[in-house]
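This report concerns only the one structure given below.
Laboratory data are not the source of any read-out in this text; all were calculated from the coordinates shown. This structure is a prediction, so every number in the text was calculated from the model and none was measured. For neighbour counting, all protein chains shown are included, and Cβ atoms are generated from backbone atoms with ideal geometry for every residue, glycine included.
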Amino acid sequence: MSWYLWAMSSTTDLDTLWRPLALGTIEVPNRIMFSAHSPAHGIDRYPGYLAARARGGAGLIVTGAMPVHPTTDLAWFRAWQDGALEDFRTLAGAVHDEGGTLFTQLHHMGLQGMHAQRFDMTSKIVAPSSVPSPVFDVHGHALAEEEIAEIVEHFAQSALTAKEAGMDGVEIHAAHGYLLFSFLSPLTNRRTDGYGGSVENRARFVIEVLRAVRDKVGEDFPVGLKFGMDEAVGPLGFDPATAAETLRVIRGAASFDYVSLSGAAYHNLEHLTTPITSVLDAHIAEQGPLAREVVGELPVFATCAIRTLDRAAEIVASGKVDMVGMVRPQMADPDLVRKGQGGRAAEIRPCVGANQGCWRRVFRGGQVSCTVNPETGRETEWADRFNPVEHPGRVVVVGGGPAGLKAAESAARRGHEVILLERGAALGGQLIAAGSLPRRDTWHRLVDHLKGSLDRLGVDVRLGTEATAESVSALDPDLVVVATGSFYGTDGFSILRPDRMTIPGLETALVLDPEAAALNPASCGRRVLIVDDHGTLPALGLAELLAQGGAEVELITAHPQVGIQLSVISTMDHATIYPRLLRAGVRCTPEATISQVDGSRVSIAGIYGTWERELDGVESVVLLQNRHPRTQLHDELLAAGLAVELIGDAYAPREVDEAILEGASSGLQVMARV
Ligand SMILES: Cc1cc2nc3c(=O)[nH]c(=O)nc-3n(C[C@H](O)[C@H](O)[C@H](O)COP(=O)(O)O)c2cc1C
Ligand code: SF4
């Protein structure tokens, strides 16, 4: 049973989540944390972002990791600088105004820092030993003892700044492969001095930081420890037994008020911000009991892939941990807790787990928003966006895909009368096919959520209704939002083969588009060739779906790697889905193109012209190469003199993120009759 079906069938009592919890000298009101994460927002956006989650009921909010030293300068907040006091005060004030509790996470990226990409970033990467980062191609400078002492002092001073600014506590980051963790791990700590070798020596840096912080902030200020129990790299790394022993040593030598468990290292980032394509489900919470054995009565938290309140309640009720972190679920719906407490859990907007609008945006140098919730990160600038208007009008939305659904919801929230016309028998558009790929049913959940929202808002949804200029005009709209989407081309044109307009002989084969293939896998036959120009999930997901159904599948791409857009510094799906494809026997061929088709015989060639081979018995070729916007209705409506907005793929084929964002941004100029 998928986690989603499990969640839907679960009857766990949520009340277990709404019990208070003591953290040192303070108490938080419930067991749901908005765990630390850096959205890369500046001081203009970040207070509004945090405040929305406080308003939504999060029991504890921890800021993203605040760098403590110039050798870990990401040009984000700088906890060691004078300006931090004012910034922290602003953040704490915003959360307190909403009745929330805010801790700040203090950290040093160590090896996982990126050397200066901007003029205001540092180029100094430091580590216990001169070893390379597994993700970024940098070696760290092995810290001298005086340099360690300076960083210890910076942690302590930053903690004091947080306290003086009115933060409610601090959390020391010793997980995720960052500097403190890299000292704990025997894989990255090769030192032979007092900071290397034995567990006690490797834990020394963390202990010194915790002691120095406690000395500065006193006993009455909560201090937490973020910790990873499993580096998951085998015997050379930091395994659960080593982790337990290390935690025992730290607990015996320093004072802290909780331990917050998370992924340990950058070797397996997909354990840390797990994409929905992964089979991992609340895996970090499973490490809770081992941590508990060591830390005794101290509260233990766990974050990652705890996707529903039911799952959270089951984990807390089981006693594995005392509190759970739900980060992406609260990016998707800041009111998750309030809705759960108010008996409205069914109204929670689900996180789809595709990592596009959050993780990938940050690693592309951007700032966190959310695919399903474009209000995320725009809380301040969009504060009034959905307020009811003084003079409501009638808005007709054409198209029931993500852009149209969001446009209808947004217009209805503003108080307009909304009619949504969808020519198909069901809502969802391209999300119907996307959600039928393995472990992607969250797209269907999103559609269900939007349907429920339209119901509650009283939107008049008309399925099976083909819109024409006449039929739309007859509805007498003040605005028509055209969200008619796009369709895949099957003409064989590829922008990656600019030397030709099509694939020679393509007309002799059965050519399918990926949506048709996903919705009817049997139509593809037993031997399928998939050609992918995008490097994103649809091609890999389709290959997995077809292989699961028993087809023999080859996936080729002109890119240097199959699924090139899915790396750990993008959506992270590559690490989860690619091994499954290989195990399922899918042949993945990068740097390849079709040179010729002759019925069921297809010639595949290397893009540099160094090899060619024949594939016989191919029953279908699925092309993911180009898409075309459906714009005809838009043009006709304009010609008919109606006020029209063109959004989503019908404007230009892109991803669902843009479709939903444009849906939320549409209908701002409804010229209602007064
Ligand atoms: C954009 C982004 C930034 C993150 N930054 C941090 C961070 O600064 N500190 C930290 O401890 N974890 C960070 N994380 C990890 C999250 O705390 C959390 O472990 C992860 O999102 C998985 O939990 P979830 O499944 O509830 O989203 C980050 C996650 C995301 C998506
Ligand atoms: S962008 Fe996607 S994965 Fe990230 S929080 Fe939003 S829905 Fe979840």
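What to note about this one:
- Take every DSSP beta bridge whose two residues both sit in the chain; close to 20 percent of them are antiparallel.
- Integer Hz, Karplus 6.51/-1.76/1.60 couplings in order for the range 78-87, x for Gly and Pro: 10, 4, 8, 9, 4, x, 4, 4, 5, 4
- Protection proxy ranking for 61-73, 509-521, using the average of other Cβ atoms within 10 Å per residue and placing the highest first: 61-73, 509-521.
- Where trypsin sites (Lys or Arg not before Pro) fall in DSSP loop in the range 416-450, at most 15 other Cβ within 10 Å: Arg423
- Rounded to the nearest 10 degrees, the inclination of helix 402-413 to the longest alpha-carbon principal axis of the chain is 80 degrees.
- Length gained when the stretch Glu245-Thr25 is fully extended (0.36 nm per residue, less Cα-Cα span): 76.5 nm
- Distant-in-sequence amide H partners of His141 (H built 1.01 Å from N, under 5 Å): Ile125, Val126, Ala127
- Across the range 490-625, the relative contact order, built from alpha-carbon pairs under 8 Å that are at least six residues apart, equals 33 percent.
- In sequence order, calculated HN-Hα J values of the range 433-446 (Karplus, 6.51, -1.76, 1.60; Hz; x Gly/Pro): 6, 4, x, 8, 6, x, 6, 10, 5, 4, 5, 5, 4, 5
- Using only the C-alpha atoms, the convex hull of the range 122-245 corresponds to 116 Å³ per residue.
- The range 452-536: equivalent-ellipsoid semi-axes (sqrt of 5 x gyration tensor eigenvalues, Cα, Å): 37, 18, 13
- C-alpha long axis of helix 46-55 to longest principal axis of the chain, angle in °: 90 degrees
- Helix axis angle, 573-583 relative to the chain longest principal axis, alpha carbon, degrees: 70 degrees
- Per-q log10 I(q)/I(0), the range 490-625, q = 0.12, 0.13, 0.17, 0.20 Å⁻¹ (Debye; single scatterer per alpha-carbon; no solvent): -0.41, -0.48, -0.85, -1.20
- Computed from the Cβ-Cβ distance with R0 of 45 Å, the FRET efficiency linking His141 to Ile495 stands at 0.55.
- Taking all Cα-Cα distances within the range 535-588, those exceeding 16 Å account for 33%.
- Under the criterion of Cα pairs below 8 Å and six or more residues apart, the relative contact order for the range 3-363 equals 18 percent.
- When each of the peptides 545-558, 289-302 is scored by how many other beta carbons lie within 10 Å of its residues on average, the order from highest to lowest is 545-558, 289-302.
- Under a 5 Å amide H cut-off, with hydrogens placed 1.01 Å from N, Val644 pairs with Val480 among residues at least 5 apart or on other chains.
- Rg over Rh, two decimals, the chain (C-alpha only, Kirkwood Rh): 1.00
- Annotation: aspartates and glutamates with alpha-carbon distance below 18 angstrom to Lys163 (same-chain offsets under eight excluded): Glu27, Asp82, Glu86, Asp87, Asp97, Glu153, Glu171, Asp215, Glu219, Asp220, Asp257.
- In order along the range 202-213, the Karplus-derived 3J(HN,Hα) couplings, from 6.51 cos²θ - 1.76 cosθ + 1.60 at θ = phi - 60°, round to 5, 7, 4, 4, 4, 4, 4, 5, 4, 5, 5, 5 Hz, and Gly and Pro are given as x.
- Among 148-157, 203-212, sorting by the average number of other beta carbon atoms lying within 10 angstrom of each residue, highest first, gives 203-212, 148-157.
- Spatial extent of the range 13-67: Rg and Dmax, with the Cα atoms as the point set, Å: 12.8, 39
- Length-normalised contact order for the chain - Cα pairs under 8 Å, 6+ apart - percent: 11 percent
- Entries of Lys339/Lys451; Lys124/Lys216; Lys226/Lys320 with Cα pairs more than 19 Å apart: Lys124/Lys216
- Leu225 long-range amide H proximity, modeled H, under 5 Å: Ile172, Asp257, Tyr258, Val259, Ser260
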